[in-house]
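The values are calculated or read from the model by the stated rules, or taken from the named source; none is laboratory data. Everything quoted here is computed from the prediction, not taken from an experiment. Here the Cβ positions follow ideal geometry from the backbone for every residue, glycine too, while neighbour counts run over all protein chains shown. Areas reflect the complete protein model, heavy atoms only, side chains present, ligands, DNA and RNA absent. Shrake-Rupley method; radii C 1.70, N 1.55, O 1.52, S 1.80 Å.
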Amino acid sequence: MAGAIIENMSTKKLIIVGVILILFQILSFLLGGLIAPSPTIAVYYLASKCVDFHKSHQQTRLSIPWGPNQCEKIRDFDEAMARQIEADDITFAIHVPHPYKEMSPWFQFIVSILQLDIAFKVHNQVEEGAVVTLDMTVAYRDDPFSEWTEMAHSVEQRKLSCNASFPKRFKNEGRFYECDILPFMQLGNVAHRFYLINVRLPVNERKRINVGIGEIKDLRMVSIHQNGGFTKIWFAMKTLLTPFILITVVWYWTRITALTRPPILLEKTIFALGISMTFINIPVEWLSFCFDWTWMLLFGDIRQGIFYSTLLSFWIIFCGEHLMDETERNRFSIYWKQVGPIAFGSFSMFIFDMCERGIQLKNPFYSIWTSDMGTELAMAFIIMAGICACLYFLFLCFMVFQVFRNIGWKRSSLPAMSKARQLHYESHLSSPCACLLKNYESGKLKGLIFRFKFLMLVTLACAAMTVIFFIISQVSGDLRFIGEYPLHVNSAFFTGMYGTWNLYVFAVMFLYAPSHKRHEDVQSSGDPAMSTGEDAKLAAAAAAGQDGPPEIYRISGKESLE
C-alpha cells in the first residue's frame, strides 16, 4: 500500500529538501531587501494657480500649468485680490509627472492625497466641522503636443480637520493651521504618459459652499505609485513561480487520481490550495502594458481574498482531519462552523472593497473615508478583521495543541493492544494499514509523528511570520543598512512572504502526494491474539485494500472514503 511521500522519504532526502526550501526562502527575502527598491515612491507637487476668465460652467476648460498653451498664473491670493479676481476664476493645476519626465505602466497605480495650506485670519477662521467642496478633473495624453483627453470629472466634498497650535489672536495672523491630509484620487493603472489635474474651489455663500474654510494659500498633492524597479522584480517572481506551482499542481493531482480509491477530503483541499496559489501567481499584470484596464487593483484584491480564504480553510481542515476524536470528518459539511465564518468574513471584505475600489472604476475621486459614516464603517471593518485574525490564530493554535495531545495519547495506547486489534483500531474507520504495526515496532511510526508535528509547527511559523513582518513594516522605516548595503524592509516583506507562501504550498503538495513505494502486508505471526476468529477477521480486513490515505491520516482514525 502506498503512503504519502513525507512518510516514505528517507530522513536524509527530507533534510535535503528542507535545506533547499530554506535557501529559496532566504533568497526571496534578500531579493526584495537588497536588490529591489522600495515598493512605492511618493512624489510631491505644488499646484499652480491659474486664472481662467473665459471658463464655461457647462463645459470643462482645462488649465495647463506649463508647456505649450499654458495658463495665466498668479503668485498668491493677494495678487488675486489686487486684480479683483474671484475665487471661481482660479484653478489649481498640477501636471503629473514633473517637467521632462514621463509616467510608465511599470508604476501600476496612482494614489493621491491633498494637503491644504490654510492661513489663520481672525475674521476668516476654519469653522468647526467645515467641509470643502472640490470641483476636480483629471485628463491624460500620450504626446507632449497632443490635446488633453478628459478621463474623469467630479464634484466631491472633504471634511476639514484643522488645529491651530497657537493662540488665535491678531498677532498670529498668517500662521498656518495643522490640517489632516485629504484623500484625493486613485487610478487602478498607469496606461498614459502624462496626466493633468485641475481643482477648483467654487464659492456660493447662499448655499454655504466653501464658506468657513479659512484662507487657502496653496494646494499640495502627494502622488504615490509603485516603484518601477520593484515592479520588474515582482513580475519576474510571478512569471517564474507560475509554471513551477502549476506543474506541481498537475503532478500532484495526477498521482491522486492514479490511486484505486477516490480522493479524501484532505487531498481535495490541498489541490484547491494549489489552484488558488496558481491563480494568484498568474502574471496578468503584463497585460496592463497593452490594455487600459483600470480594474487591475480590484482584481488583485479578489485574487488575494480567494487565496487567503482557501489557505485559512485548509489549515482548519488539515488540523481537523488529524484530530483523534473518533469523529467521521472526511466531509466538507462537518467543518461548516469553522469554514462558514471564514467565507462570511471574506465576502464582507469583498463587499467593502467593491464599495470603494468598485466605485472608483467610474469615479477615481471617490473615497469611503470622506464621510463620517463611511469612516466609521471602514474602521469597523478593519478592527473586526484584526480581531477575527487574532481569534483565528488562537483557535488554530488550540487545534494544533489538540492534535499533538491526541497523537501522543494514541501512540502510548497502541502497545497494549493485540496486533490484530492495533490494525483494526487504526483501520476500522479507514483504509487498510497492514504495515502500521511493523512500522511502530521498527520505530518508523515515531518518525512519522515527528515529521507531522514538524509540518504543523512550520504552518504556525508561516502564519506568525506574516503577522510579525507586517507589523515591522508598519511601525518602522523602510530603509535599513547591513554594513554598507541598504536593506529595504518593505520590499523584503513583500517578496519574502510571497516566496514563503509559494514554497509552503509546494511543500504541502509535494510531501502529501502519494508515494510510489509500497509496503508488504503483515501476515499472521503465531501471536495467540491472532488465533481467535474475530482477530483473524480483523487482520484480514486490515490487509484487504490496495491504496490508502497517508499513514498519519490513518492513525487518526478517520474515514478514508466519503
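Exactly which trypsin sites (Lys or Arg not before Pro) in segment 86-191 are in a DSSP loop and have at most 10 other Cβ atoms within 10 Å?
The qualifying sites are 169.
What is the gain in length, in nm to one decimal, between residue 164 and residue 84 on full extension, counting 0.36 nm per residue of separation less the C-alpha to C-alpha distance?
Extra length available between residue 164 and residue 84 comes to 25.9 nm.
Can you give me the Kirkwood hydrodynamic radius for segment 1-127, using every pair of distinct Cα atoms, in Å to one decimal?
After inverting the mean inverse Cα-Cα distance, the result is 21.1 Å.
Going through the cross-link list 101/232; 121/207; 73/171; 49/101; 12/453, which pairs have a Cα-Cα distance over 25 Å in this structure?
73/171
Ignoring any ligand, DNA or RNA, what whole percent of the accessible area of segment 25-110 comes from carbon and sulfur when the probe is 1.4 angstrom?
55
What percent of all Cα-Cα pairs in segment 185-265 falls in each 10 Å bin, counting up from 0?
Answer for segment 185-265: a P(r) of 11, 20, 18, 15, 13, 10, 9, 4, 0 percent.
With a Cα-only, solvent-free Debye model of segment 237-276, what are the log10 I(q)/I(0) values at q = 0.31 Å⁻¹?
Cα-only, vacuum Debye calculation for segment 237-276: -1.05.
Counting other Cβ atoms within 10 Å, which GluC sites (Glu not before Pro) in segment 328-392 have at most 15 and lie in a DSSP loop?
328
Do any GluC sites (Glu not before Pro) in segment 121-229 lie in a DSSP loop with no more than 10 other beta carbon atoms within 10 Å, and if so, which?
128, 147, 205
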